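Here is the structure we will look at.
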Amino acid sequence: MTALLEVSDLIKTYGTGEAATRVLRGLSLRLEAGEMAALLGPSGSGKSTLLTILGTLMKPTSGSYVMLGQDMIAADDRALTGFRNAHIGFVFQFHNLLPDFTALENVVFPTAVRDGRETPAARARGRDLLTRMGLAERIDFPTANLSGGQKQRVAVARALMNSPELVLADEPTGNLDRASAMQVMDLIGQINREEGTTFMISTHDEKIAAVCRRQIVVGDGVVTG
Amino acid sequence: MLYALKIATRYLTANKAQTALLVTGVAVGVFIFIFMSALIGGLAEFILSRTVGDLSHITIEAETDDPSLLISPEGHVLVVAERGRMRTATLSEAATWLPLIEAVPGVRAVSPQITGAGFLTRGAQTAQVSVTGVEPGRESAILDLAGYMVEGDVRLGSGLIVVGRDLADDLALSIGQTLRLESSDGVAAALTLGGIFKTGNGAIDGARTFVSLSTARTLFTMPQGVTRIEIKLGDLNAADATAVRIRALTGLDAVPWTDGAEQLMEALDAQAQTGYFLKTFALITIVIGVASALLLSTYRRRPEIGIMRAMGAGRGFVVFVFVTQGALIGLLGGIMGAVLGYLALLPFPSRDAFEAGTLPMDITQGSYGLAITLTVIGAILASILPARAAARVDPVTAIGQ
Ligand SMILES: Nc1ncnc2c1ncn2[C@@H]1O[C@H](COP(=O)(O)OP(=O)(O)OP(=O)(O)O)[C@@H](O)[C@H]1O
Ligand SMILES: [Mg+2]
């Protein structure tokens, strides 16, 4: 397998002076293409911080980050915006979907914002993805009317819209019941197997983590296992 | 950016009540803008038509050819030359100038006149009058004499005279009577009273008389030429420029009505300034309203903006979404305000039928296009601050909250 991304000696300090908290303390990590990894660790250990840095939404205080052969530290906001759009998908725990838009409109967003309009091709792919997520009946539903589990499946479909190499999910099943959580994880596992998309999923749930082939444990600001 | 437009439209339609309120607020500002434009414009029109409407817009008067005073270099008056009876200044070439002046763009009517003073006598009663000799057929060229007739006919055939209501009452005149008019040059004529007019202006109704140009020639012993050429324009605001043209064209001393009307112009100017002031305030209100509403919306939608940024929407896209919202609000409010303004102005009498006691609103001076344009520009400017705030939203904190 080839390295999808590699970070080394990541340091992240929030705040300055007295209030400064060092969350990442020289963390290094390598993800291979096609991996399905769970990110574990106690609350406050820096899982979300790491995912945010890997998602290029935030820069580390120091350290290096290379993804797909490109230096993510040196790149400017414009370059990172384009990079995220093409290569990284996100699933968050809260505030995932645009509430005033339908399920399909949410799913096609990454393609539409790239093209400047919603193309018929993008809509067709969006419908396919939603159907795959078991949401064929909910394609034109306003997202406000969807259940929690349905919303997260729409979010997964949207994360896959531009066929990214990497999908980062921060506690995607955090506020779902076990059945819904497992359904979402099954779909993620299926995509990972069929398309080779790399997933990195932070969770507190051992059963969720067990679905993943690799477990990365963070503690004291470094990878401990 | 079709897609940004779609998002902006959705944001506006998602909160229909809030958007409707905002658009209505903008419309009220536009309404005030249009109402003020129509009122200030109509008022100016009204005042001008009342004060200048019956006047000549450009007047050419014969120049007195001799200096009345001869003044030494030290400032002492050496000679005072009294104007002789036969030295009345004339525009002797009037006949050649008239077609030239009539061809100047913007000139609506030209009236060559012979003016002078005289005594009007009927029986034992005599009144001092001013006499204006005008060409038959051009009686109403400057003063709308035909419109002011209350008795008889305006037509000035030879041997006919038309006088004002007050003068007719003073001398107890009635149509068809024969009157004696003796000019200041001592020539007398027997004239038949053809008509009586009433302008509402005491100075005119009490002392002005009109005769035909040929009658005036006899009265003032002026076999050719005229003493005065009065010119009416289509647009009285063009008087200054047109006077300059006529001066250049003919070499005559064409004087626009604005000369000597400085006070009136100042008053109209002050009135226009008040209008600008109020209109500016209406626009500022619109800008503040739109800016605060959009700023609030930016704040409320922070998580969504964060998601869009994470999904690969650039800062420019976010700016565009919010500026487009501002522009749409401005456009909708502008059109709504313009339509409301127009409808509200419809019941007012038209500019030709202004009546004293009512607001002289001029529906044609509502500046509808300007109001809409300025509102859209104002709303776009108002949305720049919120849009920039939106573009600066940090996706991490926005999604994390
Ligand atoms: N913007 C911030 N400013 C200051 N401190 C922060 C900020 N974000 C996170 N932290 C702190 O950094 C530490 C790591 O936070 P992070 O959210 O990465 O942990 P986590 O492993 O995701 O925790 P959880 O499992 O509860 O989600 C915490 O102590 C947190 O309080
Ligand atoms: Mg977390």
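Just a few scattered comments:
- The set of residues in the range B:185-204 being at pLDDT below 90 and of a type outside the set (A, V, I, L, M) consists of B:185, B:186, B:199, B:200, B:201, B:202.
- Looking across B:357, B:326, B:316, B:306, one residue alone is in the same structural domain as residue B:16 (by TED's automatic domain parsing), farther than 15 Å from residue B:8 by Cβ and more than 16 Å from ligand 2 (Cβ to nearest atom). It is B:357.
- Just one of the listed residues (A:56, A:102) is within 14 Å of chain B (Cβ to nearest Cβ), within 16 Å of the chain's Cα centre (by Cα) and either crowded, with 21+ Cβ neighbours inside 10 Å or more than 16 Å from ligand 2 (Cβ to nearest atom) (or both), and it is A:56.
- Pairs linking a residue in the range B:311-333 that is at positive phi to a residue that is modelled with pLDDT of 95 or more and in a helix (DSSP H, G or I), with Cβ atoms under 7 Å and 6 or more positions apart or on different chains, are B:312/A:81; B:312/A:82; B:312/A:84; B:312/A:85; B:312/A:110; B:312/A:113; B:312/A:114.
- Test: residue in the range A:62-80 that is among the basic types (Lys, Arg), in contact with a Gly (Cβ under 7 Å, 6 or more places away or on another chain) and more than 16 Å from ligand 2 (Cβ to nearest atom): yes
- Condition met for residue B:59 (open to solvent by 60 Å² or more (accessible area, probe 1.4 Å) and closer than 25 Å to residue B:242 by Cα): no
- Any hit, the range B:285-295, residues being without any contact (Cβ under 8 Å) to a residue 12 or more places away in the chain and open to solvent by 80 Å² or more (accessible area, probe 1.4 Å): no
- Selection count, the range B:300-310, where residues are at the interface with another protein chain (Cβ under 7 Å from one of its Cβ atoms) and open to solvent by 10 Å² or more (accessible area, probe 1.4 Å): 2
- The number of residues in the range A:29-51 being touching a residue at least 40 places away in the same chain (Cβ under 8 Å) and within 14 Å of ligand 1 (Cβ to nearest atom) comes to 12.
- Any chance residue B:292 is modelled with pLDDT of 90 or more and within 14 Å of chain A (Cβ to nearest Cβ): no
- Of the residues in the range A:112-133, at least one is among the β-branched types (Val, Ile, Thr), away from chain B (no Cβ under 14 Å) and either surrounded by fewer than 20 Cβ atoms within 10 Å (Cβ to Cβ) or within 16 Å of ligand 1 (Cβ to nearest atom) (or both).
- When we screen A:68, A:40, A:80 for residues that are closer than 23 Å to residue A:195 by Cα, more than 8 Å from chain B (Cβ to nearest Cβ) and over 14 Å from the mean Cα position of the chain (by Cα), the only hit is A:68.
- Subset tally (residues that are in a helix (DSSP H, G or I) and within 16 Å of ligand 2 (Cβ to nearest atom)) for the range A:184-225: 2
- Taking the range A:87-99 as the range and being out of contact with any helix residue (DSSP H, G or I) (no Cβ under 6 Å at 6 or more places or on another chain) and within 8 Å of chain B (Cβ to nearest Cβ) as the test, only A:94 passes.
- Within the range A:164-175, considering residues that are of a type in the set (Asp, Glu) and within 14 Å of ligand 2 (Cβ to nearest atom), the one surrounded by the most Cβ atoms within 10 Å (Cβ to Cβ): A:170
Results for (1) at pLDDT 95 or above; (2) within 14 Å of chain A (Cβ to nearest Cβ); (3) farther than 25 Å from residue A:109 by Cα; (4) touching a strand residue (DSSP E or B) at 6+ places or on another chain (Cβ under 7 Å), shown as yes or no for each residue.
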{"site": "B:317", "(1), (2), (3), (4)": "yes, yes, no, no"}
{"site": "B:339", "(1), (2), (3), (4)": "yes, no, yes, no"}
{"site": "B:364", "(1), (2), (3), (4)": "no, no, yes, no"}
{"site": "B:387", "(1), (2), (3), (4)": "yes, no, no, no"}
{"site": "B:395", "(1), (2), (3), (4)": "no, yes, no, no"}
{"site": "B:398", "(1), (2), (3), (4)": "no, yes, no, no"}
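- Only listed residue being in a helix (DSSP H, G or I) and open to solvent by 70 Å² or more (accessible area, probe 1.4 Å), chosen from B:325, B:273: B:273
- Selected residue [open to solvent by 50 Å² or more (accessible area, probe 1.4 Å) and in contact with a strand residue (DSSP E or B) (Cβ under 7 Å, 6 or more places away or on another chain)] from A:178, A:214, A:138, A:193: A:214
- Screening residue A:20 against (1) touching a helix residue (DSSP H, G or I) at 6+ places or on another chain (Cβ under 7 Å); (2) within 12 Å of ligand 1 (Cβ to nearest atom); (3) away from chain B (no Cβ under 14 Å) leaves a single unmet condition, (1).
- For the range A:12-30, the criterion of a residue being within 16 Å of ligand 2 (Cβ to nearest atom) and open to solvent by less than 10 Å² (accessible area, probe 1.4 Å) is satisfied by at least one position.
- Counted residues, the range A:44-53 - those being touching a Gly at 6+ places or on another chain (Cβ under 9 Å) and open to solvent by 30 Å² or more (accessible area, probe 1.4 Å): 1
- Any hit, the range B:165-178, residues being part of a strand (DSSP E or B) and either modelled with pLDDT of 90 or more or closer than 25 Å to residue B:59 by Cα (or both): yes
- Qualifying residue in the range B:219-233 (condition: more than 22 Å from residue B:160 (Cα to Cα) and part of a helix (DSSP H, G or I)): no
- Flag if residue B:101 is under 30 Å from residue B:238 (Cβ atoms), at pLDDT 85 or above, assigned by TED's automatic domain parsing to the domain that holds residue B:205 and of a type in the set (A, V, I, L, M): yes
- Flag if residue A:38 is out of contact with any Gly (no Cβ under 7 Å at 6 or more places or on another chain) and open to solvent by 10 Å² or more (accessible area, probe 1.4 Å): no
- Hits in the range B:1-55 (condition: open to solvent by less than 50 Å² (accessible area, probe 1.4 Å), outside any helix (DSSP H, G or I) and at the interface with another protein chain (Cβ under 10 Å from one of its Cβ atoms)): B:15
- Residue within the range B:388-396 that is within 16 Å of ligand 1 (Cβ to nearest atom) and outside any loop (DSSP other than H, G, I, E, B) present: yes
The values are calculated or read from the model by the stated rules, or taken from the named source; none is laboratory data. In this text, all values refer to a predicted model and were calculated from it rather than measured experimentally. Note that we place each Cβ from the backbone using ideal geometry, even for glycine, and neighbour counts take in every protein chain shown. All accessible areas refer to the heavy atoms of the entire protein, side chains included, with ligands and DNA or RNA removed. Shrake-Rupley method; radii C 1.70, N 1.55, O 1.52, S 1.80 Å.
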